[in-house]
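The values are calculated or read from the model by the stated rules, or taken from the named source; none is laboratory data. Remember, predicted model here, so these are calculated numbers, not experimental data. FYI the Cβ positions are ideal-geometry reconstructions off the backbone, even for glycines, and counts take in every protein chain you see. Heads up: the accessible areas ignore ligands, DNA and RNA and are worked out on the full protein's heavy atoms, side chains in. Shrake-Rupley method; radii C 1.70, N 1.55, O 1.52, S 1.80 Å.
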Amino acid sequence: MNDPTSDDRILRLNAAIDGELDASSWLELEREMGADPALAAEYRRLEALRASMARLAPREPAPKTLADRIAALGAPVAQAAPMPVSRPAWSGARILALAASVAVIAFATGAGLTALRQSATPGVAAGLVSDFARASIAGQPYDVGSSDRHTVKPWLAGRTTVSAAIVDLAAQGFPLSGGRIAIVDRIPAPTLVYRHNEHLVAVTELPPGSEGARAGGSIQTIDGYHVARWSDANLAYVAVSDMDEETLAEFVAAFRQAEKPASEAPAK
Amino acid sequence: MTTAVIGSVAQRRFSDIVPPLLDDAYTLAKWICRNSADAEDIVQEAAIRALKALETTAIDRPKPWFLTIVRNAAISWMAKNRPKDLSYAGDAADLDSIDPRLGEFAPDPEQALIAFEDGERLRRAIAGLPSPLLETLIMRDVNGLSYRDIAEATGAPMGTVMSRLARARASLMKTLKAEP
């Protein structure tokens, strides 16, 4: 006589109530249960347990707060109040290309579209601002969290074509927090996240001559975030931050100073 | 007044796939981490991962795909924040000690059936399962994934999935029976 408690029969009982048994195995099992009341009783117990779970431990509705946050991730809707429209610096083709490459592009109501502020290359900065806002709201400002350059650099190097310049600014009050990837014009670009008190600054490094590149140290404001751009011989940089303008300027100065090759550093 | 809304391809895919799976995702995360606030964070983290993945991939079978991401996000979250509650590593022996065979095989299942009616006890018994048994049971009985999908999601062979399910259910019955 078969051992009624054999593993195989228990597995087949479970597979039967899970609908994972093929027709012939099912017939075979029914025959065995007919001959063995203990096995049939075990089947009924498993079935009862499964029914109880369905009734007493059901799938729970996700809280509305979560549903809203998830919907926001998928819905490119303006999050901030419409920005002042200076002029419709709009090129349909560019905007469409950008929409495909950045996560959130928002067109405000009212004006019908949001003109990005007076910049020759509005899209890149606006895209990076959206990235920054999204990352901050999601509470996930970086993909690799580390204050160690030697951790962040290889992580970025494995995912981008630009070799990131990573400087240590902890002594100046801007410790490295981590790194992430921004997508700019469909190209992954390394982004470094530095912290200053409770504020963050994200520096995206772009190949020189890319659309987002623009020399000059002036700071503009997009959607309430400050954006600084500069470039050197090797790379163009776009820094987005929720710091005030003066602190961001300080950060940029410190970054540029630290990033200069030793030979260019002013002699002491 | 019109609002022009243009989303990326990834966002369109995301909006089709993820919101309908949110209850499944949330319930799975909540069982694995046993806490609702943490489950919200885990699902959000999983959603961000999913959105990123959808930039380069189209998905054939969204449910097992997204629940796998949720499961992995929950496991890494637990490993990082509450490693002691995550009975995964080094507990193969413990798992084996849970015998899927009940032993008694009482012909009269009445008593067990009554015990199953107590929702609070049932939920406590589920929460007390070791993580590998718990996630397998939830993916099967709550999320309705097939054995094959669960095997792929958990990285375990089919045979292991089957034995984990049998052990999980046997353990529940034992707990419900043993408790006063």
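Data for the structure
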{"item": "Environment charge at residue B:135 (Cβ cut-off 9 Å; Lys +1, Arg +1, Asp -1, Glu -1)", "result": "+2"}
{"item": "Proximal charge balance of residue A:242 [Cβ under 12 Å; K/R count +1, D/E count -1]", "result": "-3"}
{"item": "Under 12 Å, Cβ to Cβ, from residue B:123 - net charge with Lys/Arg +1 and Asp/Glu -1", "result": "+2"}
{"item": "Average beta carbon contacts from partner chains per residue of B:138-145, 10 Å cutoff", "result": "4"}
{"item": "Accessible area in the full protein assembly, largest first, 1.4 Å probe, for B:27, A:65", "result": "A:65, B:27"}
{"item": "10 Å Cβ neighbours from other chains, averaged over peptide B:42-52", "result": "4"}
{"item": "Average beta-carbon neighbours from other chains, 10 Å sphere, peptide A:10-20", "result": "5"}
